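The structure under discussion appears below in the form of structure tokens.
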Amino acid sequence: MNVRVVDSADVDAHSQIGDGSSVWHLAQVREKAVLGVNCIVGRGAYIGAGVRIGDNCKIQNYALVYEPAVLEDGVFVGPAAVLTNDTFPRAVNPDGSPKSGADWEAVGVTLRQGSSVGARAVCVAPVTIGRWATVAAGAVVTRDVPDFALVAGVPARRIKWVGKAGVPLEDDGDGRWRCPATDARYIERDGRLTEAGHTNEENA
């Protein structure tokens, strides 16, 4: 199998790394984590126990992907981005005793197909980032992000629509949008964006 794991990386023997994937310097991949084919885990990145990552994903330098996150195919996680897993974080219980693994329940972030999370962004679990959506650098996501949305700010809000190329879409009027990079067409209805089909109505 064609897998590259550099000597300084810490990859648990009970994890699974797909063919063509690379794990770079000082990265850690915990037990039972699963990476698909042709993935890249950058320098100093952390992949938590049991995290599931699809094919063709890029986890950039020092990104932190805490369990039980799920990343579908083609997902990008930018440098120093964080996917959290504790809704009410505390180091100690109300009586002052140190918290153990039995004192809390991990909740995960889900990144749908083709989505991107920019550098130093934080996704606060449990949230879902929709298909081909983009989280801008430095954003803090506290609620679900629709497919094809570009969100920015603290807390993150939708500021534009983007297509599969990641480029902001141009408004063609009447709820129709066009990608200037690919000429792909999209339709907005009730605050949601979908790819235009080939029905007579949409080609009219």
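The values are calculated or read from the model by the stated rules, or taken from the named source; none is laboratory data. Since the structure is predicted, the reported quantities are computational estimates derived from the model, not experimental observations. Here the Cβ positions follow ideal geometry from the backbone for every residue, glycine too, while neighbour counts run over all protein chains shown.
Data overview
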item	result
Options 165, 137; residue that is within 21 Å of residue 47 (Cα to Cα) and either part of a loop (DSSP other than H, G, I, E, B) or outside the structural domain of residue 59 (by TED's automatic domain parsing) (or both)	137
Yes/no for residue 75 being within 17 Å of residue 129 (Cα to Cα), assigned by TED's automatic domain parsing to the domain that holds residue 125 and not polar (S, T, N, Q)	yes
Qualifying residue in the stretch 91-108 (condition: within 16 Å of the chain's Cα centre (by Cα) and among the aliphatic types (A, V, I, L, M))	yes
The stretch 163-191, subset among the basic types (Lys, Arg) and buried (at least 17 other Cβ atoms within 10 Å of the Cβ), residue nearest to the chain's Cα centre (by Cα)	164
Selected residue (criterion: farthest from the chain's Cα centre (by Cα)) from residues of the stretch 132-162 that are among the charged types (D, E, K, R) and closer than 21 Å to residue 107 by Cβ	143
Members of the stretch 140-155 that are assigned to a loop (DSSP other than H, G, I, E, B) and over 23 Å from residue 195 (Cβ atoms)	142, 143, 153, 154, 155
Residue ID - surrounded by the fewest Cβ atoms within 10 Å (Cβ to Cβ), chosen from residues in the stretch 75-93 that are touching a Lys or Arg at 6+ places or on another chain (Cβ under 9 Å) and either outside any loop (DSSP other than H, G, I, E, B) or at positive phi (or both)	92
Subset tally (residues that are over 30 Å from residue 168 (Cα atoms), in a loop (DSSP other than H, G, I, E, B) and small (Gly, Ala, Ser)) for the stretch 94-116	4
Test: residue 119 is in a loop (DSSP other than H, G, I, E, B), under 19 Å from residue 84 (Cβ atoms) and either in contact (Cβ under 8 Å) with a residue 24 or more places away in the chain or within 21 Å of the chain's Cα centre (by Cα) (or both)	yes
Counted residues, the stretch 180-204 - those being at pLDDT 95 or above and assigned to a loop (DSSP other than H, G, I, E, B)	5
Which numbered condition residue 172 misses (of (1) in a strand (DSSP E or B); (2) among the acidic types (Asp, Glu); (3) in contact with a Ser or Thr (Cβ under 8 Å, 6 or more places away or on another chain))	(3)
